[in-house]
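Enquirer: One structure, as structure tokens, below. Some questions next.
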Amino acid sequence: MKQALLSICAAALGLAAAGSASAATTLETVKARGKLVCGVSLATPGFAAPDDKGRMQGFDADICRSIAAAVFGDGDKVEFVPTNINTRFQALQSGEIDVLSRQTTHTFSRDASLGLDFGPTVFYDGQGLMVPKSLGVSSAKELTEAAICTLPGTTTAQNISDFFRAINGKFELVVFESPDENRAAFYSGRCEAITSDRSDLASIRAVANNPADYIVLPETISKEPLAPAFRQNDSQWGDIVSWSVWMLMAAEEKGITQANVDEKLKSEDPDVQRMLGATEELGKMLGLDNKWGYNVIKSVGNYGEVFERNVGEGTKLGLTRGPNALWNAGGLIYSPPIR
Amino acid sequence: MAFLHDMRFRAYFYQIVAIGFVALVGWTMFSTASGNLAKQNIATGFDFLTRPAGFVITESAIAFEATDTVGRAILVGIANTVKVSLLAAIFGTMLGLGVGIARLSHNPLLARLALVYVELLRNVPLLLYLFLWYSLIILILPPVKQALHLLPGVYLSNSGLVVPAALVERGGIALFACLVGGAAAALAIRIASTRRRVATGQSNHGGLIALAALLVPALLLWLANGVAVNWDFPTAGKFRLTGGLHVRPEFVALLFGLALSVSANVAEIVRAGIQAVNKGQWEASAALGLSRGKAMRLVVLPQALRIIIPPLTNTYLTVFKNSSLAIAIGYPDLVMVSNTVMNQTGQAIETIAIFMGVYLALSIAISLLMNWYNAHVALRER
């Protein structure tokens, strides 16, 4: 009994200590640890999923690598922590992870009430619906009275409820905790349609026996800007996350790629010189190495390369750039000037 | 200072210190957590319960619309949890009683079959069985477009079983009153007839009379055209059947899985309870000329019941808590609804506190009920 009391006492003290240990900035913590701890999805092909060699691959994983490259000059100094959709914010709040790069939608209430801030949008997504071609449906509005499968996470359940309420239609919602059960129920015909972010639908379609049998309906029923998140009240760390992402976008705009970044070091373009750290000392202002921009591009390439490698038309997901094209190519991807 | 050497005083003193210490630790944890949350600017409190939920719950034991509050959504989750665990406990107990008795059968085939049944169900995690039953239902049964038409108005597909729903248009209250009154009368008659039989030693037709008392008033009301029922037959809609009563595969798979798991546990408890009754009871019953079946029903089972009740309480608590596995196969129980709420509000601590509180309160209620029943049937020493 006495020992039990002692251990409870120790646990309580440990808890109190954990509460006050947040004095160090995130950058200091990350540097002292020697690696970045990045929260990603459990297994979402194209965004974060281990390949056959066990290396984490995907769009979200590459965002983590770019931040690690900015801090350490080495994109592989990352520990990927798969986070559950329900506890991802708690993992960030508690300091278990340094940054959350997990197809997370930037919304007002998350920004305002969860003690975290969002970086720049890395992927403009929207909720869509996928149906078998054999159903003969060409618009989501024709889906009244249908059963729709979804995951409990995010705001999908609310968006789809709002959509059908707006057109005054009834539907049956079937909610699964596990993505595998969700897919299985859809493929077996338990539900007529499955709803999720369009990027996620592409990922679900990619693993179907015959992907050509399914179509994603044209409606986008919600705006889902996916962005990395970090704890609030740490502007320095927020700046590092944001500018690592913007560096990827600026690099695409300037035509700097993973392959030609060494050549570009000799570029005459003053913008490129500043970005790669050939002139001026921008990196120091962030508390980073002056070659941080060079390191980011050297380790993952530019935004376009990250997109095409993980989710682009050449991959199983087969997504077009759409709104994720550069601003000067008709898209929304726009980096503030790096100067 | 003599009271310091008083054993009773010291016992109380230590207990009060222990309770105080636990309370202090609890309070420290709570205040640290809420302090940290406030410091990180994370919303706290239970205000979110009154906000509109904004999502639909298809399977709900009480009426629910997307415009209702989050609090009501959680209530729907509680109702769904209670519904499925209660039905699973009832079906599981009936099945388990049969299997437990079969385990002791003199017929070797029956006894071995019961043994295999129990061991198969007890030794594989329930979650795997739930996946199995659910996969079987949605993979083996045809999609709703090719639903099996079993009887007029009865359809079976991988979207569940649809049967015609009876909507009572008129005389519903009268019918209900007749049934309740009939049940009360039947109970009274049965008690009176048993007393009479014990007193006179002669068998009477108490059971039959009680059954008549239960059914005749309702039947008379029906024949007198006091009740009008409108049958709502399911019809083929654009994608699925509309109207009628839907029994969804998620519910069936969960009920089936839970009930089977209960039945295996109950079977073992019943077997152990029966074997614990002294062999002399069987022999005495045989000496009185009772058949084996009657000896079991009238002599052994009532005595076994006293041993069975306490472990049975555990089984019921387990089924109630296991119902939270519903989340794996898409049945909207308390945990699933709470998860959706958690995702929309981000207030995980409060939501988890609510569902832990609900499980705790309902589990304690089950324990109290079973303890009361246990005290009721326990052997009273005179």
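The values are calculated or read from the model by the stated rules, or taken from the named source; none is laboratory data. In this text the structure is predicted, and so the values were computed from the model without any measurement. Note that we place each Cβ from the backbone using ideal geometry, even for glycine, and neighbour counts take in every protein chain shown.
Enquirer: Just one of the numbered conditions (1) assigned to a loop (DSSP other than H, G, I, E, B); (2) aliphatic (A, V, I, L, M); (3) exposed (fewer than 14 other Cβ atoms within 10 Å of the Cβ); (4) within 11 Å of chain A (Cβ to nearest Cβ) is not true of B:Leu24; which one?
Expert: (1)
Enquirer: Same structure, new question: Name the residue that is modelled with the lowest pLDDT, counting only residues in region B:316-343 that are part of a helix (DSSP H, G or I), surrounded by 22 or more Cβ atoms within 10 Å (Cβ to Cβ) and not hydrophobic (A, V, I, L, M, F, W, C).
Expert: Among those that are part of a helix (DSSP H, G or I), surrounded by 22 or more Cβ atoms within 10 Å (Cβ to Cβ) and not hydrophobic (A, V, I, L, M, F, W, C), it is B:Asn343.
Enquirer: Could you grab me the full set of residues in region A:101-127 that are aliphatic (A, V, I, L, M), at the interface with chain B (Cβ under 10 Å from one of its Cβ atoms) and in contact (Cβ under 8 Å) with a residue 12 or more places away in the chain?
Expert: Correct list: A:Leu114, A:Leu116.
Enquirer: Another question, then. Would a scan of region B:48-63 turn up a residue that is on the phi > 0 side of the Ramachandran plot and facing another protein chain (nearest Cβ under 8 Å)?
Expert: The answer is yes, given that some residue of region B:48-63 is on the phi > 0 side of the Ramachandran plot and facing another protein chain (nearest Cβ under 8 Å).
Enquirer: Another question, then. Take the residues in region B:344-371 that are within 11 Å of chain A (Cβ to nearest Cβ) and in contact (Cβ under 8 Å) with a residue 12 or more places away in the chain; name whichever of them is surrounded by the most Cβ atoms within 10 Å (Cβ to Cβ).
Expert: Applying the filter and picking the extreme gives B:Thr351.
Enquirer: Would you point out which residue out of A:Arg198, A:Arg231 is under 30 Å from A:Thr144 (Cβ atoms) and of a type in the set (D, E, K, R)?
Expert: A:Arg198
Enquirer: Moving to a separate point now. If only one of A:Lys254, A:Lys298, A:Lys284 is surrounded by fewer than 22 Cβ atoms within 10 Å (Cβ to Cβ) and more than 17 Å from A:Gly73 (Cβ to Cβ), which one is it?
Expert: A:Lys254
Enquirer: I'd like the residue in region A:144-156 that is hydroxyl-bearing (Ser, Thr, Tyr) and at the interface with another protein chain (Cβ under 7 Å from one of its Cβ atoms) and, out of all such residues, is nearest to B:Thr242 (Cα to Cα).
Expert: Of all residues in region A:144-156, those hydroxyl-bearing (Ser, Thr, Tyr) come to A:144, A:150, A:154-156.
In the following step, the residues that additionally are at the interface with another protein chain (Cβ under 7 Å from one of its Cβ atoms) were identified as A:154-155.
Details: A:Thr154: 29, A:Thr155: 27 Å.
Among those that are hydroxyl-bearing (Ser, Thr, Tyr) and at the interface with another protein chain (Cβ under 7 Å from one of its Cβ atoms), it is A:Thr155.
Enquirer: Given the structure, is B:Gly243 out of contact with any strand residue (DSSP E or B) (no Cβ under 7 Å at 6 or more places or on another chain) and not polar (S, T, N, Q)?
Expert: No.
Enquirer: Could you go through region A:303-311 and let me know if any residue there is closer than 15 Å to A:Gly46 by Cβ, assigned by TED's automatic domain parsing to the domain that holds A:Asp62 and β-branched (Val, Ile, Thr).
Expert: yes
Enquirer: So in region B:143-176, with the set limited to residues that are surrounded by 14 or more Cβ atoms within 10 Å (Cβ to Cβ) and part of a loop (DSSP other than H, G, I, E, B), which one is nearest to the other protein chains (Cβ to nearest Cβ)?
Expert: B:Pro143
Residue by residue, here is whether (1) under 26 Å from the mean Cα position of the chain (by Cα); (2) more than 7 Å from every other protein chain (Cβ to nearest Cβ); (3) assigned to a strand (DSSP E or B); (4) not hydrophobic (A, V, I, L, M, F, W, C) holds:
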site	(1), (2), (3), (4)
A:Glu142	no, yes, no, yes
A:Gln158	yes, no, no, yes
A:Phe164	no, yes, no, no
A:Val174	yes, no, yes, no
A:Glu177	yes, no, no, yes
A:Arg183	yes, yes, no, yes
A:Gly189	no, no, no, yes
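Enquirer: Right, another one. Would you say A:Val245 is closer than 29 Å to A:Leu116 by Cα and part of a helix (DSSP H, G or I)? Let's see the steps before the verdict.
Expert: On the way: closer than 29 Å to A:Leu116 by Cα: yes; part of a helix (DSSP H, G or I): yes.
Answer is yes for this residue.
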